[in-house]
Amino acid sequence: MEPVETACVCTSLRMATRSVVRLYDRALSQAGLRHAGYSILARIDAEGPLMISELADRLVLERTTCSREVDALAKAGLLTVEAGSDRRQRVVRLSQAGAAKLGAARQHWHAVQQGLTDSFGAEDADALLDRLRGLLRASQQLIDE
């Protein structure tokens with residue numbers, strides 16, 4: 001059965017997101033990760049240690065969702081979580097095991113990224129990313145009003 005077509009931006013975006021996440025999760029599972037964990041590890045690798053609130057903001061995640069994901073990754077030994085300058089703050093760092101897991105997962109991420117770009121079309125993929133960034137800015141602006 002085909003997915004329903006709808007004029008609702010939110011429903012259409014969520015349907016596409018669920019499908020794309022399944023695709024990335026399937027590829028990343030070969031390295032023992034899911035997309036959410038990969039995104040967190042990759043962001044910490046790119047930016048260095050971050051407080052959980054900063055990480056949540058950077059990935060546009062609810063703080064409770066981010067904390068839950070970070071806790072699972074820390075329990076697996078992929079991240080370390082330490083108290084910040086204020087005891088209420090928690091600073092997240094990539095562990096050596098996390099860096100190794102991220103390195104192993106990157107080849108799978110690149111493969112699925114390339115496959116999706118090839119299937120969708122490179123120009124369309126670039127245009128979609130630009131449009132999604134604009135949509136994110138617009139929705140964040142409306143939230144902040």
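The values are calculated or read from the model by the stated rules, or taken from the named source; none is laboratory data. Worth saying up front: this structure is predicted, and the values here are computed from it rather than measured. Neighbour counts run over all protein chains shown; Cβ positions are idealised from the backbone, glycine included.
So if I check each of 103, 77, which one is at pLDDT 95 or above, surrounded by 12 or more Cβ atoms within 10 Å (Cβ to Cβ) and part of a helix (DSSP H, G or I)?
103
Quick check on residue 63: is it of a type in the set (Lys, Arg) and under 23 Å from residue 104 (Cα atoms)?
no
Is region 107-116 home to any residue that is surrounded by 16 or more Cβ atoms within 10 Å (Cβ to Cβ), touching a Lys or Arg at 6+ places or on another chain (Cβ under 7 Å), modelled with pLDDT of 95 or more and over 19 Å from residue 13 (Cβ atoms)?
no
When you go through (1) in a helix (DSSP H, G or I); (2) out of contact with any helix residue (DSSP H, G or I) (no Cβ under 7 Å at 6 or more places or on another chain); (3) closer than 17 Å to residue 46 by Cβ one by one for residue 91, which number turns out not to apply?
(1)
In the list 55, 136, 128, which residue meets the criterion of being within 25 Å of residue 32 (Cα to Cα) and either in a loop (DSSP other than H, G, I, E, B) or of a type in the set (A, V, I, L, M, F, W, C) (or both)? Explain how you work it out, then say what you get.
Working: 136 fails: within 25 Å of residue 32 (Cα to Cα); 128 fails: within 25 Å of residue 32 (Cα to Cα).
Among 55, 136, 128, only 55 is within 25 Å of residue 32 (Cα to Cα) and either in a loop (DSSP other than H, G, I, E, B) or of a type in the set (A, V, I, L, M, F, W, C) (or both).
Determine, yes or no, whether residue 71 is at pLDDT 95 or above, out of contact with any Pro (no Cβ under 9 Å at 6 or more places or on another chain) and closer than 21 Å to residue 24 by Cβ. Outline the logic, then answer.
Values: at pLDDT 95 or above: yes; out of contact with any Pro (no Cβ under 9 Å at 6 or more places or on another chain): yes; closer than 21 Å to residue 24 by Cβ: no.
Criteria not met by residue 71.
Based on this model, can you work out whether residue 70 counts as hydrophobic (A, V, I, L, M, F, W, C), touching a strand residue (DSSP E or B) at 6+ places or on another chain (Cβ under 7 Å), surrounded by 12 or more Cβ atoms within 10 Å (Cβ to Cβ) and not in a helix (DSSP H, G or I)?
Numbers: hydrophobic (A, V, I, L, M, F, W, C): yes; touching a strand residue (DSSP E or B) at 6+ places or on another chain (Cβ under 7 Å): yes; surrounded by 12 or more Cβ atoms within 10 Å (Cβ to Cβ): yes; not in a helix (DSSP H, G or I): no.
So residue 70 fails the test.
Quick one: would you say residue 42 is in contact (Cβ under 8 Å) with a residue 12 or more places away in the chain, closer than 22 Å to residue 125 by Cβ and not in a loop (DSSP other than H, G, I, E, B)?
Spelling it out, residue 42 is indeed in contact (Cβ under 8 Å) with a residue 12 or more places away in the chain, closer than 22 Å to residue 125 by Cβ and not in a loop (DSSP other than H, G, I, E, B).
Taking the condition in contact (Cβ under 8 Å) with a residue 60 or more places away in the chain, of a type outside the set (A, V, I, L, M, F, W, C) and either in a helix (DSSP H, G or I) or under 21 Å from residue 17 (Cα atoms) (or both), does residue 113 pass?
No, not satisfied.
Of 40, 44, which residue is in contact with a strand residue (DSSP E or B) (Cβ under 7 Å, 6 or more places away or on another chain), modelled with pLDDT of 95 or more and buried (at least 20 other Cβ atoms within 10 Å of the Cβ)?
44 is the lone residue from the list that is in contact with a strand residue (DSSP E or B) (Cβ under 7 Å, 6 or more places away or on another chain), modelled with pLDDT of 95 or more and buried (at least 20 other Cβ atoms within 10 Å of the Cβ).
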